[in-house]
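Encoded as structure tokens, the structure appears first; notes follow it.
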Amino acid sequence: MSRLFRIAWCLSFVVFAQPQVSLQLCAADQPAPTAEWNQFHGPMGKGTVPAAPLPLEWSETKNIRWKVPLSGKAWSSPVIQAGRVWCSNATENGKELSVVAVDLATGKKVVDKVLFEIPRPQFNIAYNSYASPTPAAAEGLVFVHFGSPGTACLDAKTGEVVWTRRDLPCHHWRGPGSSPVYDSGKLYLCFDGYDFQYIACLDAKSGKTIWRTDRNIVYDTDFGDYKKAFGTPALIDVGGKRTLVCPSAGATQGFDPETGKLLWYVQHGGMNASNVPQTDGKRIFLQSGDGGFALHAVEPGENPVGNITPKVSWKSNRGTPAYASVLVKDGLVFYARDRDAGGTATCLLGATGKPVWQERLGGGKLHASPILVGDRIYLFDDQGAGFVISASSSFGKLGGGKLDDGCMASPAVAGDNLIIRTKGNLYCIGNAAP
């Protein structure tokens with residue numbers, strides 16, 4: 001069920017200077033050049049870094065700095081904190097939920113620890129894993145989340161557990177997928193299950209609940225399968241107000257991150273939303289998952305309140321991904337279709353949704369969302385193929401490579417290191433010394 005793989009389609013923000021622009025991003029919203037890849041979608045959840053000397057080509061025998069086998073089954077993406085690569089992990093049956101840390105320089109495992117033992121795991125379809133949510137890391141802490149089975153905070157230096165929570169109920173129905181987001185001492189978690197749908201805000205250092213807000217979405221059904229979602233929230237300044245933008249089944253909602261108060265919502269339909277909302281500085285790009293138009297551009301205006309669905313400026317189903325997020329750069333929207341093999345990549349104008357180009361890459365299904373590194377987009381499919389294309393109005397295939405098995409996780413970047421998690425291994429790829 002590819003709906004769970006809302007893996008990062010990363011973005012770079014464009015700030016428009018015209019006075020009529022209603023959604024502005026302050027300088028603090030831009031990832032710093034030295035920021036670590038500390039959560040799903042990278043620095044500040046945007047999945048983008050400035051240009052870095054990453055290789056254009058790789059294989060099992062070329063530009064591999066290290067390769068570490070990872071047992072178990074986990075689709076979560078790697079994060080990087082203080083010179084370590086952190087991954088959540090799970091046994092295929094979901095009875096052991098664990099964390100692994102690898103030294104970035106050497107590839108040596110420094111932490112491999114079971115965090116939770118689950119005698120009777122929830123049902124999970126074979127296409128998902130019990131460790132699909134990506135960890136988050138900040139201020140010397142690492143947050144490892146498995147949905148309702150458990151959330152743990154670890155000391156990033158020692159690997160010791162600081163706190164755990166196992167009292168946040170949710171029947172995920174097909175397995176967990178939403179990743180935690182850290183910001184300003186708070187950890188934000190989305191629970192969108194068959195039975196319960198709510199947002200929880202925890203104190204990052206203690207794990208105590210700061211607020212919890214029920215979704216209260218009108219789903220027009222009592223069947224919980226149509227209420228579940230796997231999206232990861234994004235913190236976006238909307239009309240000058242910091243907003244926690246949370247996708248879900250049927251709608252995306254904007255909350256006050258300090259209080260949990262619902263500020264506004266967009267009813268876009270669909271189910272199984274698995275993306276991270278993105279923005280170009282004026283519009284917020286939302287995705288509906290399964291059903292209806294997959295991609296929506298919303299111009300929220302100043303101080304949006306209540307139902308802002310009428311502010312959807314365009315919609316598109318042109319080769320759109322059902323579950324992975326889009327990329328935004330220089331007024332363009334980039335994405336690749338994730339339902340079918342063949343790897344169709346598309347570029348649209350962010351202002352209008354008008355097509356710019358659409359090209360077939362070949363390969364398998366692109367569940368692992370691309371990352372944006374300078375002017376290059378890196379994509380990986382579920383069969384082991386990787387592609388590098390240009391992030392511009394002119395399509396250009398710049399390189400790529402092949403690994404032994406495919407990706408369900410998004411890659412990460414640390415300096416000149418490209419970290420790739422496949423179904424069975426963790427790789428560090430970098431240009432070989434001359």
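Structure summary
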item	result
Among the listed pairs 46/315; 157/208; 109/157; 67/397; 109/423; 73/109, those beyond 24 Å (Cα-Cα)	67/397
Dimensions (Å) - the chain, Cα atoms, principal axes, largest first	52, 50, 37
Residue-wise HN-Hα coupling along the stretch 345-359, computed from phi with Karplus coefficients 6.51, -1.76, 1.60 (Hz; x: Gly, Pro)	9, 9, 10, 10, 6, x, 6, 10, x, 5, x, 10, 7, 8, 9
Residue-span extension gain [residue 402 to residue 303] - 0.36 nm each, minus C-alpha spacing	30.9 nm
R0 of 25 Å, Cβ-Cβ distance residue 357-residue 432: FRET efficiency to nearest 0.05	0.15
Cα gyration tensor category, rounded, prolate or oblate, for the stretch 267-340 with a/c compared to 1.5	oblate
Order of 198, 323 - criterion: other Cβ atoms within 10 Å of each residue's Cβ, fewest first	198, 323
GNM top mover of 78, 304, 133 - the chain, alpha-carbon springs below 10 Å	304
Net lengthening on full extension, residue 225/residue 330 (0.36 nm per residue, minus Cα-Cα)	34.0 nm
Residue-by-residue Karplus 3J(HN,Hα) for the stretch 381-397, coefficients 6.51, -1.76, 1.60, Hz, glycine and proline x	9, 7, 10, x, 7, x, 9, 10, 10, 7, 8, 8, 6, 10, 5, x, 8
Point-charge dipole on Cβ atoms (K/R +1, D/E -1) for the chain, about Cα centre, debye to 20	280
Gaussian network model of the chain, Cα within-10 Å springs - most flexible of 392, 410, 288	392
Trypsin sites (Lys or Arg not before Pro) within the stretch 216-272, DSSP loop, no more than 15 other Cβ atoms inside 10 Å	261
Around residue 82: net Lys/Arg minus Asp/Glu count, Cβ-Cβ under 10 Å	+1
Considering only the stretch 2-429, percent of DSSP beta bridges that pair antiparallel, nearest 5	95
Residue with peak Gaussian network fluctuation, the chain [Cα springs, cutoff 10 Å], from 158, 91, 61	61
Integer Hz, Karplus 6.51/-1.76/1.60 couplings in order for the stretch 165-176, x for Gly and Pro	10, 9, 10, 10, x, 5, 8, 5, 6, 10, x, x
Sequence-distant residues sharing a close amide H with residue 371 (under 5 Å, placed H)	378
Using a Förster distance of 22 Å, the FRET efficiency for residue 126-residue 196 (Cβ separation, nearest 0.05)	0.35
Nearest-0.05 FRET efficiency for residue 155 and residue 340, computed from C-beta distance (R0 30 Å)	0.10
Segment residue 218-residue 109, length gained on full extension (0.36 nm per residue, minus Cα span)	34.6 nm
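Here, each number is a calculation from the coordinates, and none is a lab measurement. Nothing here was measured: the structure is a model prediction, and the numbers come from that model. Positions of Cβ are generated from backbone atoms using ideal geometry, with glycine treated the same way; all protein chains shown enter the neighbour counts.
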